[in-house]
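The values are calculated or read from the model by the stated rules, or taken from the named source; none is laboratory data. Nothing here was measured: the structure is a model prediction, and the numbers come from that model. Don't worry about glycine lacking a Cβ; one is built from the backbone with ideal geometry, like all the others, and counts go over all protein chains shown. Each accessible area value is taken on the protein alone, full model and side chains, heavy atoms only, with ligands, DNA and RNA left out. Shrake-Rupley method; radii C 1.70, N 1.55, O 1.52, S 1.80 Å.
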Amino acid sequence: MSTDPLSLMAEVNRATERLIATAEGFDDAAVAAPSALPGWTRGHVLAHVARNADGMRNLLTWARTGVVTPQYQPGQREADIAADADRPAAVHLADIRESALAYAAAADALTPEQWATILDIPGQPQAAVFGVWRRLREVEVHHVDLAAGYGHDDWPDWFGHRLLHEVTSGLGDTPPLVLRPLGAGHPLEVGTGGPVVSGSACALAAWVTGRSDGAGLTVSPDGPLPTPPAWI
C-alpha cells in the first residue's frame, strides 16, 4: 500500500463518504441508541470522529507552520466527546461533513517537504504523513462501531492487511498466538508458538481490535478461539 499522502487522502475521503452515508440514515433516536462501544451511544462515536478530524488537522497545522500544535489539549478529547454526544442527528451530520472538509483542506495545503516533517509528539514522534493513515484508521474502525450495517467485511482488503500488521507489531505481553491471513503468504507471530488463527485479513484485524467475536475464523489445533489482547 502506498504511503503517498495524496493516495491515502483519497482513501480517507472515500471512507468518510461511506460513514456520512450511514449517518444520513440516522434520526435523533438512532443517534441516541447504543453503539458497539460499551458506554457510548452512536452520538459519542460521531462526536469522536468529528473531533478527531479537528485534532488531526491540528497536526497538519503544526507540520505546515512549524508551531507546536498538539492534537488535543489535556482532557480536551473526553470533554469534547461528552459535550457533543447528545446533539440532534442533523447537527452531528453537519459536523462530520464540515470537520472532514476542513481536515482535507489542511492536507491540500501541505507541500511534499512539510508532509515529511517529524512531529515531536510526546512518546510517539512521527512524520506528518503518518497522520493520514491514523485518520483513515479512525474513520473505518469507528464506522463499524456505529453498529449500523457497516462491518469489517466492508473494509477494503488492503486496509485489513495494514491494520492487522500494525496491531500485531504493537502487541506487548500477551499469550503466544499465530495469525494466518488467507492469501497473505506468511503468518504473523505474536510471541513464540501458540494456536494458529486463520481467516481473512479483515476478519482477523476486526477480531484482534475487538470489533468482532471471531465468527468465521478457524483455530489449529482445534479448540476455542483464544482471548485476543486488548487494543484501543
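Kindly indicate the residue of the stretch 112-125 that is part of a loop (DSSP other than H, G, I, E, B) and free of Cβ contacts under 8 Å to residues at least 40 places away in the same chain and also surrounded by the fewest Cβ atoms within 10 Å (Cβ to Cβ) among those meeting that condition. In this case the residue turns out to be Gly123. Of the strands (runs of 3 or more DSSP E) contained entirely in the stretch 126-232, those carrying at least 1 residues that are modelled with pLDDT of 90 or more and either open to solvent by 30 Å² or more (accessible area, probe 1.4 Å) or at negative phi (or both) fall at 177-181, 196-199, 218-220. Residue pairs whose Cβ atoms lie under 7 Å apart, sitting 6 or more positions apart in sequence or on different chains, and linking a residue in the stretch 27-49 that is under 20 Å from Glu140 (Cα atoms) to a partner that is among the acidic types (Asp, Glu) and not in a helix (DSSP H, G or I), are Gly43/Asp86.
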